Structure formats: structure tokens, C-alpha cells
Amino acid sequence: MWSIPAFFGITNTLLSGISALDGAHSVNVGDEVTSKYTFVPSLTAASDGPTRYNIGGTITLNEAEGPVTTNLAPVTVTVLPQPVLVLDYFQET
């Protein structure tokens with residue numbers, strides 16, 4: 001299994017309802033927190049043709065009884081090869 005970070009740049013594009021996802025902030029009952037991410041494939045993510053990846057994750061909540069971790073359902077994405085053009089040229093003088 002390939003590690004997603006090896007083939008994708010990952011950026012947090014939206015965070016609302018909390019100022020960070022580092023575990024140092026509280027969320028009250030009834031509060032809504034939204035976090036969205038963008039995954040940008042590298043040139044090597046699909047170098048041999050269309051390549052499928054399952055992107056998922058986990059979320060951990062610190063409850064009174066201790067941490068509770070839940071798996072997020074993976075989503076399958078297909079990355080298509082990116083065109084790479086290499087030119088050798090010269091100019092006669």
C-alpha cells in the first residue's frame with residue numbers, strides 16, 4: 001500500500017467552528033466543526049496510467065472516558081497521468 005503523502009500535496013482549505021485541529025481546543029455539545037482538504041497529485045501519482053487511490057482518515061475525540069477514534073469512510077479517487085513535455089531545441093545563428 002502506498003502512503004498518500006508520497007503522491008499528494010495536502011492542504012486544509014476550510015476550517016470553521018474551531019481555530020486548529022491540534023487537540024488543544026474544545027468543542028461543546030451541539031457545536032459544528034467543518035474541515036475540508038484538497039489533495040493535489042504529484043507527477044508520480046499516476047505515472048503508468050490512471051491510478052485509483054482510497055483516501056480516508058480518522059478523527060479522534062477526547063471524551064471524559066478517554067480518547068475515542070473513529071474511521072472516516074474512504075473515498076476512491078482516480079488520478080490521471082499528467083502530460084509532461086520535454087523539448088530540445090536550438091537556434092541557428
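In the list (i) 1.05; (ii) 1.63; (iii) 1.30, the label attached to Cα Rg over 2.2 N^0.38 Å as derived from the coordinates here is (ii).
Here the sum of -39500 (n - 2.57) over DSSP H runs of 4 or more residues, divided by the residues of the chain, equals -500 deg cm²/dmol at 222 nm, to the nearest 500. In percent, rounded to a whole number, the relative contact order of the chain is 25, using alpha-carbon pairs under 8 Å and six or more apart. On the beta carbon distance between Thr38 and Glu92, with R0 = 41 Å, the FRET formula returns roughly 0.35.
Remark: the chain carries a charge dipole of roughly 160 debye about the Cα centre, counting +1 on each Lys and Arg Cβ and -1 on each Asp and Glu Cβ. Ranking Pro74, Gly30, Ile10 by how far each Cα lies toward the positive end of the dipole of the chain (charges on Cβ) leaves Pro74 at the top.
Taken together, the values in this text are just the output of simple stated rules run on the coordinates, not laboratory data. Just so we're clear, the structure is a prediction, and the values are computed from it rather than from any experiment. A quick note on method: Cβ atoms are made from the backbone with ideal geometry, for glycine too, and the neighbour counts reach across all protein chains shown.
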